[in-house]
1. Being more than 7 Å from chain E (Cβ to nearest Cβ), without any contact (Cβ under 8 Å) to a residue 60 or more places away in the chain and among the aliphatic types (A, V, I, L, M) is true for just one of C:Ala179, C:Ala131, C:Ala175, C:Ala171. Which residue is that?
2. E:Ile187 is checked against (1) within 21 Å of B:Ala62 (Cα to Cα); (2) among the hydrophobic types (A, V, I, L, M, F, W, C); (3) within 20 Å of the chain's Cα centre (by Cα); (4) more than 8 Å from chain B (Cβ to nearest Cβ) and fails just one. What number does that condition carry?
3. Just to be sure before I move on: is B:Pro52 surrounded by 17 or more Cβ atoms within 10 Å (Cβ to Cβ) and either touching a strand residue (DSSP E or B) at 6+ places or on another chain (Cβ under 9 Å) or closer than 22 Å to A:His63 by Cα (or both) in the structure I sent?
4. Restricting the search to the range C:451-503, which residues are part of a loop (DSSP other than H, G, I, E, B) and within 30 Å of C:Leu84 (Cα to Cα)?
5. Out of E:Ser140, E:Ser150, which single residue is under 24 Å from E:Pro9 (Cβ atoms) and polar (S, T, N, Q)?
6. Given the range E:137-253, what helices (runs of 4 or more DSSP H) lie entirely inside it while holding 1 or more residues that are touching a His at 6+ places or on another chain (Cβ under 7 Å) and surrounded by fewer than 24 Cβ atoms within 10 Å (Cβ to Cβ)?
7. Of all helices (runs of 4 or more DSSP H) completely enclosed by the range E:394-482, which ones contain at least 1 residues that are modelled with pLDDT of 90 or more?
8. Looking only at helices (runs of 4 or more DSSP H) that fall completely inside the range A:1-95, which ones have 3 or more residues that are away from chain B (no Cβ under 11 Å) and buried (at least 24 other Cβ atoms within 10 Å of the Cβ)?
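The values are calculated or read from the model by the stated rules, or taken from the named source; none is laboratory data. Small disclaimer: the values here were computed from a predicted structure and weren't measured. Reconstructed Cβ throughout: ideal geometry from the backbone, glycine too, with neighbour counts over all protein chains shown.
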Amino acid sequence: MIAQFLYGGAGILLFALGLWSLLVHAPLLRKLIALNIMGAGVFHVFIAIAHRGDALPPDPVPHALVLTGIVVAVSATALALALNSRLEQGENEPEPASSPSPGPRIHMQPALSTEPSSKGATHP
Amino acid sequence: MNRDLSLLIGILVALLAVVLLWVFHSTLALDPGQRLASLAMERLPETGVSNPVTAVLLNYRAYDTLLELGVLLAALLGIWSLGPPRPGFQRAGPALAAMVDWVVPLAILTGGYLLWVGGHAPGGAFQAGALLGAAGVIMRLAGHANAGLPSETWQRWLVVLGAGVFTLTGLLLAFTGYGFLTYPPGQAKWLILLIETAATLAIGVTLAAAYVGGRPQPTAPPPPPLVTSASAEADR
Amino acid sequence: MSQLLTWTTLLPAAILLSSLVPGALIFLLREESHVLRGVLNMAGAIIKLVLVAVLIWGVFLGVVFESRVTIAPGLDLVLHADALSVLFVTLSTVLWLVTTIYAIGYLEHSPNRSRFFGFFSLCVSATVGIALAGNLLTFVIFYEILTLATYPLVAHRGTPDATRGAKIYLAYTMAGGVALLIGAVWLRSLTGPVDFVEGGVLAAMPEALHPQLIAIFLFLLVGLGVKAALFPFHGWLPQSMVAPAPVSSLLHAVAVVKAGAFGIVRVVYDVYGVEFASQLGLLTILGIMASFTIVYGSVMALTQDGLKKRLAYSTVSQVSYIALGASILGPVATIGGMVHLVHQGIMKITLFFCAGNYAETLGVHKVSQMDGVGRRMPWTTLAFSVGALGMIGIPPIAGFVSKWYLGLGAVEAGEHWVLLILAASTLLNAAYFLPILYKAWFRDPPQEWPNEHVFDSRFETMGALLWPPVITAALCIIAGLLAAAPFSPLEWATLIARREYQP
Amino acid sequence: MDLILLLFDAVLLITLLALALAAILSSDPRRAVMLFIAFGLWLSLVWARLGAPDVALAEAAIGAGIGGALMLAAARRAARQQTSDRGEPS
Amino acid sequence: MTTDSLILPIALPLLGALLATALPRIAPLLGVLTAALTAMSGLWLTGLVWVSGDLSIVLGGWGLPLGIGLSADGLSAALLAMSSLVGLGISVYALGYFSGSERGLHFWPLWLLLWTALNGVFLAADLFNLYVMLELLGLSAAALGALTGSRDAVSANLRYLLVGLLGSITYLLGVALIYTAYGTLDIGLLSERVEPSALVSTSLVLMTAGLALKAALFPLHFWLPPAHANAPAPVSAALSALVVKAAFYLILRLWTDLFATITDAGAAFILGALGAGAILWGSWRALRAERLKLLAAYSTVAQIGYLFLFFPLLQALPPGPARDDLFAACVLMAVTHGFAKAGFFLAAGLVQKKAGHDRIDELGGAAQSMPATTFSIALAGSALIGLPPSGSFIAKWVLMQSALETGQWWWLIVIALGTLLAAAYIFRVLSRAFGQEPTPQCFITDARAEIPALLLALASVALLGLAAGPIWSLLGFEGVQI
């Protein structure tokens, strides 16, 4: 029981650490790392509560959930990185003329700007 | 992000963490509660596999795994919809090129083993697929432009294979009266193996294609033959 | 339509659909198919007239007409024809027929006519819906649809000040709509479904709720006052005179403005009940607002040089007669108010038709340009004179009858100050109408009219533009002379008053 | 006996948190990704200790492996971007 | 037989997506065919629920605690029917919108995956399964949003993806805590076992926060306007009408089903207050938006605010006919907004395609030359404002009535202000349609694109406005019979 709390607590700390980093750090890569660490934290909580002491075999259901979670996290990270590389690619070339919504580029807050903290965030 | 704002966020997040920890502790102190473990364990023989995690993944909660393959596909389609892969692709140094010749087949072999052993020991479709994907990544790093993946049409069919076999099996079972993804007692093992093989292939190709990072180009030029180490030094 | 589909349940819905269906079809018509559009319009108008005739006969015999559609449990769309609704339905149906003829002539070469006539029919259906509404929810629904349908008509021309006028119109009516909605929901939450019942439903409410009922009445009054152009909320009416003549004649003389007045009458008589309303002191509030508006409207009309603006302010004051009639406790005053609902409609529409004729034929928009108009367009100016004199209240034209009954009712109810108001407004009416008549008949015309069109018809202007005002002028005279005849507006108003005041 | 086990668990967890903190705080993209991969591998070790071999294998192969490789490529690009910016300020 | 009808709305679009991926050349044809089949299966299921009440099965034949349950009650059937019809409309519209363009090939598989996720969310009865569905929804929506490839679209959708991930992970932590305490993931079982405790309220807060982030509730809405405004028209219609609605549906499901005994007035009031903030802020920003699609996106933020106003009132009313009416009104508002917003965005897409831009101030010519499109914008707009002929008017009527009955009269002021602001920004767009340019000769100019937009807008106004009764009977309430 102590081990469960110890490990579960570590998972929650990881979640908090990731949340703080996500809200504070601007560059995308750091946000992604933060998100992955948060995900790892939650998965860690699942694995911790699956552990039923060293005698009994652990509970397989959370293991399956975490497995699915890992694959989902990796696919989301892959898509985010692809979007980001597309963004960087777009930065040094002129904007492709063919995009159907050539509306004047209203002042868009660049994606990498600080993630407004979740309390009372107002989009400028 | 100035100092004191990040500090404020830090304090608030720390507060949240303390609350979560306290709540987590109070629930664990109550009783560990009857998890699904015991139930899952006792009905394990009926699932056709002896590894409990694979049983949950592909039998008890097969629907989750099906959708998770969908998530993987969605990510890949998103990557492909963004256009061709990045131009910044350099040829690898000789050390990696030499390593590829034996690492890739080994990875594929281990993947196959993991797939087979998944039935009764730690392993299974995802780990095997990951190894295949890793093989693709290494080939991409070693110089193959399309990470050893076949042409676009093949890639599209392979990527769809996993979820396709899964859904079709499910529908077949549903229409033959068993119910969606309810395996008949006898053939559970073989059906699971069939689905796992398809899923492994699909996951492997998807992860490799995701690493390539763009729509597969029609005819990727094969990498130039291995040059002697001297000229390789020159163009690093 | 869960109950028996007999003709008594189908008639109200048929009346509503008789203008809704042609309207929807006209929307889809191509711009050039004039004949088909004309046929659809006229067919719709005539069918509705026939149906309304049957309705009048039925209601006179005491038959109950009601079609009820359950939108959602507890929320019913009810079309119920009682004596009061028939009065308003007849008025709007007759005048819609006349105005359609006028509009077809008026918009001969202008673009976007499919759109215009589509929204025109939609608007009349909304007006009929308001008239036939059986409960407060249906009333609010059609009240808002009227706003939606009239906005495109006011903005029809597309000129910058047309859109500006439409925007002001929208701002007022939307705010009014929200106030009405809040009042209606508040009332509904207190009393459950509010069906209009002759004699009112709220009399039996417990004592504790009275302050809330007063607050609700204020909300309803604000909502209805906007469309009835009561004093503080009348700003939109003069601004929306930019609309084409048929629009300002039908809508701002009959449909929109009357919807507000009709709403006030409904709320006072069929929701609160007139005795309970006076007991709560609501009638005095209404009376004060109405009287102030009457005087204010007439004074403002004096200052306006634009002919349509002057008529607009005259409408502001005239409509408040109806509210004044409703605010005096007593059957005779009620009759006066009700009958004025019809009389003011036919008189004002005549005036607007004539104003449209002057603008269309001679390009005359201002009162100062109206010298010698009588010689150039005798028939139109004759109709204008009939309307104007009727407004002042000169017998035998219809206006006199309603003012007479209002005065009589006021005396009977002991509200002598109302006589003062009536006298003052009659003088003011004379002050702003008689100079126009004098200019039109006794001044020699200018050498050259500002923007003269010569139509190739035997008379002074196009047939479709000339006959409608003449017909409505004749109606004014008939309504005045034959007031005592059966099925005249006066007789019908007496029938209503008798049913409202029965013990 | 379980005191040593507890000690072992504590060491495992402290290293885990240290790695996570290092990965988050390092500003250089490549270093951050390296630390993140290390964190992933260490996490799979912890899970192996908790009796979850399947998940440990998956985390190592997919989480640290493929995820790490993807991020490494992105980090290299980000680093090259920074050098090219600092090299000749465009 | 009923088990199949529950799984078809999910399996069909998934199969269609797989085929569309494998055979890119005939993806549009496959797409529309699958859309028709999925819509039919969705409506068939709604019919079944209408006839025989709630349906639920457990997949895999292992019984509840182990297997994953699928359930369709009145609420999910109503939203399923809405998403089927809106999805069909969007698919037909997309056929014309993307015809010939290379992007079209990428649209279809992702769109069908999104549809799978939507139906999955509406039918799921398992908390972790909902997590996977939300992820699939978020990923495919972000990928679809970035389809135009322009800088704004890609950066907006990158931010949307990150926010979506944050939301899902927070939700997952809530699920982890619930599993710690009660050891099962099925909503039905949990709703019986859950009793008020610190853990349960914490997990409720976490799950609601995660889902509120995905539903763009007021302070957490910053990601929505750029993502929805820069996406191609059919995609932004799907995003605004359906994707955001799914997150709201989940919160409603959690608050009224799973945590019914836990939620207290204070928490519900916070949701209501955030909703009120959303209404005022969203409408204000919509009024000041220069572009039509940005206006529509901010109006989504406002409309979501309306939906959240229902929570404090649902909390205050004791179970009974009044509460049933309010719940049905909430469903009616969600369904009407789905139709209206989809119609609005499709029409806005047409205007943008015709005029080459969607800056509101210069839209005169385009709006004038496409009467059918402008008419559907007018109809959809009147439904967004909540004017009478529309379903949202009835929902607003019941909402205001319950606000008065429960004594929480202050919501009335918010609704009144919201209605006026909505009228202002909708008619700001419509007033552009009355210019001097002559209108074309006929009403419909481009049938394949205009008919879906017109029908969707018409559904929100005429169909739901005059016949909202079926919503009540679908939910199994017979309503207030005084």
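1. Values: C:Ala131 fails: without any contact (Cβ under 8 Å) to a residue 60 or more places away in the chain; C:Ala175 fails: more than 7 Å from chain E (Cβ to nearest Cβ); C:Ala171 fails: without any contact (Cβ under 8 Å) to a residue 60 or more places away in the chain.
Criteria check complete, one pass: C:Ala179.
2. Just one mismatch for E:Ile187, condition (3).
3. On the way: surrounded by 17 or more Cβ atoms within 10 Å (Cβ to Cβ): yes; either touching a strand residue (DSSP E or B) at 6+ places or on another chain (Cβ under 9 Å) or closer than 22 Å to A:His63 by Cα (or both): yes.
Answer is yes for this residue.
4. First, pick out the residues of the range C:451-503 that are part of a loop (DSSP other than H, G, I, E, B): C:451-462, C:482-488, C:502-503.
Selection gives C:Leu482, C:Ala483, C:Ala484, C:Ala485, C:Pro486, C:Phe487, C:Ser488, C:Gln502, C:Pro503.
5. Details: E:Ser150 fails: under 24 Å from E:Pro9 (Cβ atoms).
Answer to the selection: E:Ser140.
6. By residue number, no helices (runs of 4 or more DSSP H) qualify.
7. On the way: elements: E:410-430, E:447-458, E:469-474.
Fully inside the range E:394-482 and qualifying: E:410-430.
8. Working: elements: A:2-24, A:28-50, A:60-92.
In the range A:1-95, the matching helices (runs of 4 or more DSSP H) lie at A:28-50.
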